[in-house]
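Coordinate-derived values only; no laboratory data. Note that the structure is predicted; figures quoted are calculated from it, not measured. Cβ placement follows ideal geometry from the backbone for every residue including glycine, while neighbour counts extend to all protein chains displayed.
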Amino acid sequence: MTEIRKFFLNQVCESDFKLCYEQTNHDSLQASGVGIWTKIDFDKQKKLYERISKSTFDEIWMICKSVNFKTDEEKKSICANAIGKYQNYLSDFGKNNARIAKYAERIEASGDFGGLDISYWNVLTDKKHFDLNDPNIQLILAIHYLSMNDQVKRNENWIEK
């Protein structure tokens with residue numbers, strides 16, 4: 001998990017996580033219809049997936065099929081493993097952090113990392129639940145934003161085996 005957090009820091013912040021997150025012009029990114037995760041190079045992110053063990057990947061994510069209902073085109077998409085160790089980690093961490101508990105519940109209910117489940121504004125204003133110096137919060141944000149980046153940039157056709 002440390003590898004994931006380090007990768008995110010290197011891709012997005014290149015320095016102090018808290019300072020970087022607070023100084024990023026999130027409003028400008030949102031106005032352009034994108035988020036902080038768009039700074040992540042998806043080719044490098046796919047290499048990260050290769051560096052972490054398959055079991056670690058599988059405890060966090062699943063590859064799911066998404067369908068464009070207008071064209072019937074089937075694509076690969078990333079989804080949350082709502083019964084994996086990462087989900088358990090979120091639930092355990094949520095015992096002492098109500099905001100993360102709510103986040104864990106949404107993931108468990110939907111099986112997905114929703115773009116609105118953690119908004120940058122909540123992170124910037126809710127210092128009680130989002131201590132940007134806490135490595136746990138950094139990891140949760142890293143996985144959340146890596147998931148958002150993957151959902152936006154993955155463009156692979158679904159192939160039945």
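Points worth noting:
- Considering only ALA82, ALA101, ALA142, the mean-square fluctuation computed in a Gaussian network model of the chain, springs between alpha carbons under 10 angstrom, is largest for ALA101.
- The distance from the alpha carbon centre of the range 42-121 to that of the range 1-15 is 17 Å, rounded to a whole number.
- For HIS129, distant residues with modelled amide H under 5 Å away: none
- Estimated at 0.36 nm per residue, the fully extended path between ASP16 and GLU156 surpasses their Cα-Cα distance by 47.0 nm.
- Per-residue ³J(HN,Hα) for the range 89-102, Karplus 6.51 cos²θ - 1.76 cosθ + 1.60, θ = phi - 60°, Hz, x for Gly and Pro: 4, 4, 5, 5, 4, x, 4, 10, 8, 4, 5, 6, 4, 5
- Normalised convex hull volume, the range 85-161, alpha-carbon set, Å³ per residue: 111 Å³
- In a DSSP loop and with at most 11 other Cβ atoms within 10 Å, the chymotrypsin sites (Phe, Trp or Tyr not before Pro) in the range 53-161 are PHE69.
- Semi-axis lengths (Å, descending) of the ellipsoid that matches the C-alpha gyration tensor of the chain: 25, 19, 16
- Loop GluC sites (Glu not before Pro), the range 67-128, which have at most 15 other Cβ atoms in a 10 Å radius of their Cβ (DSSP): GLU73
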